[in-house]
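Undergrad: Here you go, one structure.
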Amino acid sequence: MIRCKMAMARLVACLALYTSLGHIPSSLGVILRTTDKIVWANEFEPIELTCLIESISTNNPRIEWKKIKNGVPSYVYFQNKISGDLERRAQLREPANILIFNTTRSDTAEYRCEVAAIDDQRDFDEILISLAVRVKPVVPRCSVPEAVTVGTSTELRCLENEGFPAPQYRWFHNNEELPQDPKNSPRFVNSSYSINPDTGGLKFRRVRKEDAGEYYCQAKNDAGHAQCPPQIMEVYDVDILGIFLKSLVAVTLFICVTACLCHSLKRGCFHKKGHNENNYNWPAQNDGVEYGDADEGHFRHKSSFVI
Ligand SMILES: *[C@@H]1O[C@H](CO)[C@@H](O)[C@H](O)[C@H]1NC(C)=O
Ligand SMILES: *[C@@H]1O[C@H](CO)[C@@H](O)[C@H](O)[C@H]1NC(C)=O
């Protein structure tokens, strides 16, 4: 019985020694850990990048943070001070976390936490965290044609450049969202449109009368959404006779106006002459009058021929 107890005690001691031995290498070196290697934050909100020290023996390790943007590193925390882009916008928190009070879109970058512990066997470790700051979309720019003809093709466009990640686009017709595929909706089954949610294009292969109405587009990402004010698209029938008559009227009107203008100009000269004849003697005008008279007759004949 006693032997057995002693054996047990030995075993426990052995286990304890084994586990402590297992820990020895780590307590001789600095090891870092983070809760998230990829961090998403919303613009204008606080975010904490964690740099946890798993094991260390050195009392006053040297902690540094660098920001790496487009491959270019710059100091964020150096010689116990926040510097560079984050100056006055961040603070270091135990053990080596960095807290940004109010993120901006320019904070999107990679951040490297580096800890040097001179008294440790393994005296350096670093950890890389990538931070992406979501940005709300602004009001998109929308272009909707004012008037299109039945049966023709047309495209409505929507574009937003600020949002991050890049927004997805949705289109609304008379305040009702257009399903991405009209075939899936009994209401729009006969419409020929297609939507590209990545580019914001709303294309009609053949416009129908029913496609007329108010259109607006919404740009949306994880940070929020924004939409443009509604714009009206009118749809007209093709009317070949109407177009022909309209052109005819326009041409006739042009000829009439030209004729009338010439006519009244000539008549103006004639009246002036008649008036002058009564009061003054302007012999120099005589040739002109005769020429004008002949011209007037010519024009009258011409315009009555057209009408
Ligand atoms: C964050 O910064 C923006 C612009 O710099 C400012 O408008 C906003 O009030 C700030 N938010 C906080 C919580 O400080
Ligand atoms: C779609 O077209 C079919 C065939 O022309 C017609 O019967 C149906 O009523 C139309 N549906 C709508 C929603 O306009």
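Undergrad: Quote the charge dipole size of region 141-236 about the Cα centre in Debye, to the nearest 20; the model charges only the Cβ of Lys and Arg (+1) and of Asp and Glu (-1).
TA: 340
Undergrad: Report the full-extension gain for the segment K37 to E214: residue separation times 0.36 nm, less the Cα-Cα distance, to one decimal in nm.
TA: Stretched out fully, the K37 to E214 stretch lengthens by 59.2 nm.
Undergrad: Which is farthest toward the positive dipole end of region 24-134 among G29, L49, A117, measuring Cα position about the Cα centre, with Cβ charges +1 (Lys, Arg) and -1 (Asp, Glu)?
TA: Result: L49, furthest along the dipole toward the positive end.
Undergrad: On full extension of the chain, what length is gained from R88 through K246, given 0.36 nm per residue of separation minus the C-alpha to C-alpha distance? Intermediate values should be presented prior to the final figure.
TA: Numbers: separation 158, 0.36 × 158 = 56.88 nm, distance 6.99 nm.
Result: 49.9 nm gained on full extension.
Undergrad: A further question follows. If amide H atoms are built 1.01 Å from N in the plane of the peptide, which residues on other chains or at least 5 residues away come under 5 Å of the amide H of T152?
TA: HN-HN under 5 Å from T152: V207.
Undergrad: Still on this structure, please answer the following. Run the accessible area of region 115-217 with a 1.4 Å probe and give the carbon-and-sulfur part as a rounded percent.
TA: It is 46 percent, rounded to a whole number.
Undergrad: Per residue, how large is the accessible surface of region 141-236? Use a 1.4 angstrom probe and give square angstrom.
TA: Per-residue value: 55 Å².
Undergrad: Related question: How much accessible surface does I68 have with a 1.4 Å probe, in Å² rounded to 10?
TA: 30
Undergrad: Counting Lys and Arg as +1 and Asp and Glu as -1, each charge on the Cβ, what is the dipole of region 24-134 about the Cα centre in debye, to the nearest 20?
TA: Computed about the Cα centre, the dipole is about 320 debye.
Undergrad: Quick one: which residues, 5 or more positions from R134 or on another chain, have an amide H under 5 Å from its amide H? H modelled 1.01 Å from N in the peptide plane, none for Pro or chain starts.
TA: Residues meeting the amide H criterion: A41, N42, E43.
Undergrad: Something else now. Lys/Arg Cβ at +1, Asp/Glu Cβ at -1, dipole of region 141-236 taken about the Cα centre: which of L178, Q218, P230 is farthest positive-ward?
TA: Farthest towards the positive end: L178.
Undergrad: Got a sec? What order do R33, R170 fall in by accessible area at 1.4 Å, biggest, i.e. largest, first?
TA: Working: R33 105, R170 80 Å².
Accessible-area ranking of R33, R170, largest first: R33, R170.
Undergrad: Then there is this: What figure, in Å² to the nearest 10, do you get for the accessible area of E64 with a 1.4 Å probe and non-protein molecules left out?
TA: My reading of the accessible area for E64 is about 20 Å².
Undergrad: When the Karplus curve 6.51 cos²θ - 1.76 cosθ + 1.60 is applied with θ = phi - 60°, which whole-Hz ³J(HN,Hα) does each residue of region 38-48 get, with x for Gly and Pro?
TA: 10, 10, 10, 9, 8, 4, 6, 10, x, 8, 10
Undergrad: Follow-up question, since we're still on this one. Between L159 and N102, what is the label-point separation in nm under the 7 Å Cα-to-beta-carbon projection?
TA: It works out to 3.2 nm between the two label points.
Undergrad: I've got another one for you. Taking only protein heavy atoms and a 1.4 Å probe, what accessible area per residue, in Å², does region 24-134 have with all protein chains in place? It would help to have the intermediate numbers written out before the result.
TA: On the way: 6100 Å² over 111 residues.
Roughly 55 Å² per residue, with all protein chains present.
Undergrad: Can you tell which of T149, Q91, F78 lies farthest toward the positive end of the dipole of region 32-161, using +1 and -1 charges on the Cβ of basic and acidic side chains (Lys, Arg; Asp, Glu)?
TA: T149
Undergrad: Tabulate in residue order the Karplus-calculated ³J(HN,Hα) for region 139-148, using 6.51 cos²θ - 1.76 cosθ + 1.60 with θ = phi - 60°, rounded to whole Hz; enter x for Gly and Pro.
TA: With the stated coefficients, region 139-148 comes to 4, x, 8, 10, 10, 10, x, 5, 8, 9 Hz.
The values are calculated or read from the model by the stated rules, or taken from the named source; none is laboratory data. Everything numeric in this text was worked out from a predicted model, so none of it was measured. When we count neighbours, we look across all protein chains shown, and the Cβ atoms used for this are built from the backbone with ideal geometry, even at glycine. Ligands, DNA and RNA are stripped out before the accessible areas are found, and what is left, the full protein with its side chains, is counted by its heavy atoms. Shrake-Rupley method; radii C 1.70, N 1.55, O 1.52, S 1.80 Å.
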